[in-house]
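The values are calculated or read from the model by the stated rules, or taken from the named source; none is laboratory data. Worth saying up front: this structure is predicted, and the values here are computed from it rather than measured. Every residue, glycine as well, gets a Cβ built from its backbone with ideal geometry; the counts of neighbours run over all protein chains shown.
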C-alpha cells in the first residue's frame, strides 16, 4: 500500500510539472515582422497575421544583432536600433491585456543597414515635408495679409468715393440754388481773399464788408449772397470744408459787424474747387481762387416795379 501511495504521488507530481511546462511553453511566443513605428515602450509591427501588432518593450528586453555564418552569436544593441523599416524577430509572452511583452528582439546586420538607409530617406522626406508645410503656412499668412490690406484699400477707395459723391452733391445743390438767382440784378460786389488753408477773415476786409452792408440797405428788396471757394491744392474734401468755413465766417462778419438782418442773408454757399478764376499752377493763381464773393442782389421784378412807378409819377411842381 505504501508503494502504491508513493507511485501515485510521483505520478501526480510529474503531471503537474508537465502541465506547468506546457503552460509556460504555451505562454511564450515568437513573431517576425517589420517595425512600422515606435512610441515610448510600444513598438508597432507589421506581421503576416497582423498589420498593426503591438509589442511592449521593457528595461529587461534583450536587443541584439545576430552575427556569424549560422547566426548563432548576437551583438548587444540598444533599443535605439529598433527603427522603422527594420525586420525583427521578437520572442516574449503575452500579458493580461493580450499584448506581447518582448523578452528578446533580434535582427540581421544587413536588415539594420537597409532600415537605416530607409530611415535616413524618410528623415529627409519628413524635413522637406516640414519645410513645405512651413513655406505653405508662410505663404498663406502673406496671402491673408495681402487680402486684408486689399480689403482696407478697397474700403478707403469706397469711403473716398463716398466723400467725392457727397462733395459733388453739395456743390451741385449750391450751383442749382444760386442758379435760381437769375431773376436778380447784382447791385454791389466784394471779393475776400484767404491764405492757404486759412478761413479767418483778414481784418483789412472788415471795412469793405461793413460798407457793402451799409450801402445794401439803400437797395429796395435787397438780398446778400455769399459764396466761398478754394483752390485745387490738397484734397477735394478738405477744400470743400474750407470753402464752407470761409463763407460762414464772412457771413458772420456781415451779420455781427455789418448789422445785416438775417432775413436779408441767403444761406452761405460752399462751392469748393468749382469756378476757378485763375490757374492753380502758380502761387498767385492759387491765391485768387481762395476767395469769398459777396454780392448785393435786387429782385428784377422789384426793380421793374420801381422803374414803372418812377416813369408814371407826375412831375413835381
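Could you list, in sequence order, the residues of the stretch 235-293 that are touching a helix residue (DSSP H, G or I) at 6+ places or on another chain (Cβ under 8 Å), under 26 Å from residue 219 (Cα atoms) and assigned to a helix (DSSP H, G or I)?
250, 253, 254, 255, 262, 264, listed by residue number.
Residues checked against (1) buried (at least 17 other Cβ atoms within 10 Å of the Cβ); (2) within 44 Å of the chain's Cα centre (by Cα):
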| site | (1), (2) |
| --- | --- |
| 222 | yes, no |
| 234 | no, yes |
| 237 | no, yes |
| 249 | yes, yes |
| 258 | yes, no |
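If you take the residues of the stretch 38-49 that are at pLDDT 90 or above and in a strand (DSSP E or B), which of them is farthest from residue 86 (Cα to Cα)?
Per the criteria, the residue is 42.
May I ask you to say which residue of 174, 149, 120, 133 is at pLDDT below 85, within 34 Å of the chain's Cα centre (by Cα) and either loosely packed, with under 10 Cβ neighbours inside 10 Å or in a helix (DSSP H, G or I) (or both)?
Of 174, 149, 120, 133, the one residue that is at pLDDT below 85, within 34 Å of the chain's Cα centre (by Cα) and either loosely packed, with under 10 Cβ neighbours inside 10 Å or in a helix (DSSP H, G or I) (or both) is 133.
Just to be sure I understand the filter: pairs with C-beta atoms under 8 Å, separated by 6 or more residues or on different chains, first member in the stretch 279-290 and outside the structural domain of residue 190 (by TED's automatic domain parsing), second member buried (at least 16 other Cβ atoms within 10 Å of the Cβ) and assigned to a loop (DSSP other than H, G, I, E, B). Which pairs pass?
Correct list of pairs: empty, since none qualify.
Working only within the stretch 87-102, note down all residues that are more than 13 Å from residue 43 (Cα to Cα) and either surrounded by fewer than 22 Cβ atoms within 10 Å (Cβ to Cβ) or outside the structural domain of residue 33 (by TED's automatic domain parsing) (or both).
If the condition is that a residue be more than 13 Å from residue 43 (Cα to Cα) and either surrounded by fewer than 22 Cβ atoms within 10 Å (Cβ to Cβ) or outside the structural domain of residue 33 (by TED's automatic domain parsing) (or both), then 91, 93, 94, 95, 96, 97, 98 are the ones that fit.
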